[in-house]
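What follows is a set of notes on a single structure, which appears directly below.
Throughout, read-outs are computed from the coordinates displayed, never taken from laboratory work. Worth saying up front: this structure is predicted, and the values here are computed from it rather than measured. Here Cβ is always computed from backbone atoms with ideal geometry, including for glycine, and neighbour counts include all displayed protein chains.
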Amino acid sequence: MNAVGREAPERQEIEALLPWHAAGTLGRRDRERVERAIANDSELARRLTLVREEQQETIHLNESLGVPSSRAMEKLFAAIEAEGAPAPVRRSFDLVGRVSSLLSGFAPRTIAYAAAAATIAFFLQSAMLTAVLMKDHQDTSTPQLASANTPSNSHAVIRFSPQATASEIISFLNAHGAEVVEGPVRNGSFNIRFSADTSQSEVVRKVQRMQSETKVVEFIATKGDQGR
Amino acid sequence: MQATSDEELIGRIASGDRLAMQVLFARHHVRVFRFVLRLVRDESVAEDLISEVFLDVWRQAGRFEGRSAVPTWLLAIARFKALTALRRKPDEELDEEAAAQIEDLSDDPEASLAKKDKSAVLRKCLEGLSAEHREIIDLVYYHEKSVEEVAEIVGIPENTVKTRMFYARKRLAELLKAAGIERGWP
């Protein structure tokens with residue numbers, strides 16, 4: 001009884017972490033703690049399967065909400081056009097002040113090394129930004145979504161036409177109920193995903209329709225086709 | 001070639017780069033839209049709100065200090081906008097919506113028929129949660145936010161995040177039970 005009493009708070013604590021464990025967002029320490037507990041407690045393991053069911057249906061529910069119409073984007077960019085460039089921020093001035101006071105405390109050799117490192121970082125960043133501007137419209141990538149574990153048959157690989165503008169790409173993806181989940185990957189292509197409830201045959205039809213829109217699409221194939 | 005980071009885009013937006021704004025919008029607008037839509041339950045309002053969220057980003061980009069990840073920042077702005085929009089709705093309207101959701105679960109013949117399909121019932125019960133519970137479940141499961149990030153978006157302590165998630169799941173289990181699905185928890 002006492003043993004159970006002592007274990008209960010620890011178990012409750014582990015149980016409270018299960019949703020984050022299922023989502024893969026725990027830090028290493030907590031993740032290992034949960035994994036150890038699950039390995040030794042079949043009831044906790046069972047509860048984790050309940051959490052996974054909830055997670056799966058939450059993802060399904062959110063994906064079924066669809067995507068906003070192009071109206072949102074048009075409204076935003078009309079407002080931006082009307083407003084002009086954002087007001088300059090005083091933060092940069094403060095930053096210079098802060099950096100100056102920080103540097104005054106360092107030895108000249110330390111400052112020389114730091115300056116060399118900063119120069120390299122500056123050139124690396126410039127190269128990256130230039131590359132983005134050169135291939136501007138391809139940059140509609142997004143980090144992997146929570147639901148990245150949806151079946152691979154709802155995914156496709158796409159390379160956008162260099163002439164397509166960002167707004168055309170967004171409208172195109174919205175119109176076909178697709179979203180970018182990763183990229184750019186090889187050859188500047190992107191992985192896109194249709195909603196989880198799209199059947200494989202529907203994905204094939206969608207991809208065929210998308211192929212015909214050559215103004216925006218340079219290349220598109222379902223994940224399966226691409227491997228062949 | 002690695003894609004430009006969100007933080008780099010924000011830096012470019014701060015200097016008035018519209019292309020960077022388009023890229024950021026393309027990356028995040030769908031998830032922000034879904035988050036807002038789950039709160040306000042009105043597509044047209046949700047679309048207006050995401051325009052406002054990204055317009056705020058355009059205006060505030062220079063003040064972004066990178067203390068939180070950009071998607072977390074976006075969701076925090078979106079949440080504030082959604083709650084402000086909800087406050088404009090008369091209380092009676094909100095109560096009616098909440099009541100309708102709860103009644104649906106126990107009395108709707110569709111729900112009874114759907115008992116065979118556990119997934120469908122589970123989704124219906126997720127819909128039936130209060131806005132507060134829906135929000136935390138979405139943030140954890142769909143938006144993959146850590147305890148710390150949820151605390152930041154919702155503006156509550158980390159321990160409260162865990163407690164709220166627990167009660168949201170508990171309420172979900174009650175709704176499932178009312179709909180005929182007993183999961184043996186809590």
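Given q = 0.18, 0.22 Å⁻¹, what are the Debye log10 I(q)/I(0) values for segment A:2-63, with equal point scatterers placed on the Cα positions and solvent ignored?
Each listed q corresponds, in turn, to -0.65, -0.88.
Which trypsin sites (Lys or Arg not before Pro) from segment B:1-91 combine a DSSP loop assignment with at most 13 other Cβ atoms within 10 Å?
Working: sites: B:R12, B:R18, B:R27, B:R31, B:R34, B:R38, B:R41, B:R59, B:R63, B:R67, B:R79, B:K81, B:R87, B:R88; in loops: B:R41, B:R67.
Here the sparse-neighbourhood loop sites are B:R67.
Over all residues in B:165-176, what is the mean tally of Cβ atoms on other chains that come within 10 Å of each residue's Cβ? Can you show the working numbers first?
Working: counts 5, 5, 0, 2, 8, 0, 0, 4, 2, 0, 0, 2.
Counting other chains' Cβ atoms within 10 Å and averaging over B:165-176 gives 2.
Can you compute 3J(HN,Hα) from phi for each residue in segment B:33-49, using the Karplus curve 6.51 cos²θ - 1.76 cosθ + 1.60 with θ = phi - 60°, rounded to whole Hz and x for Gly and Pro?
4, 5, 4, 5, 4, 5, 8, 9, 6, 8, 4, 5, 5, 4, 5, 4, 5
Normalised radius of gyration for segment B:1-89, please: alpha carbon Rg relative to 2.2 N^0.38 Å, two decimal places. Could the numbers behind the result be given before it?
On the way: Rg = 13.1 Å, N = 89, 2.2 N^0.38 = 12.1 Å.
Taking N as the residue count of segment B:1-89, the ratio is 1.08.
Quick one: Cα centre-to-centre distance for segment B:18-59 and segment B:159-186, in angstrom?
Segment B:18-59 and segment B:159-186 have Cα centres separated by 30 Å.
Could you sort out which of A:K206/B:K177; B:K89/B:K124; B:K81/B:K162; A:K75/B:K162 sit more than 29 Å apart by Cα distance in this structure?
A:K206/B:K177; A:K75/B:K162
Which whole-Hz ³J(HN,Hα) couplings does segment B:65-73 yield from phi under the Karplus relation 6.51 cos²θ - 1.76 cosθ + 1.60, θ = phi - 60°, glycine and proline marked x?
Values per residue, Gly and Pro as x: 10, x, 6, 10, 5, 4, x, 5, 4 Hz.
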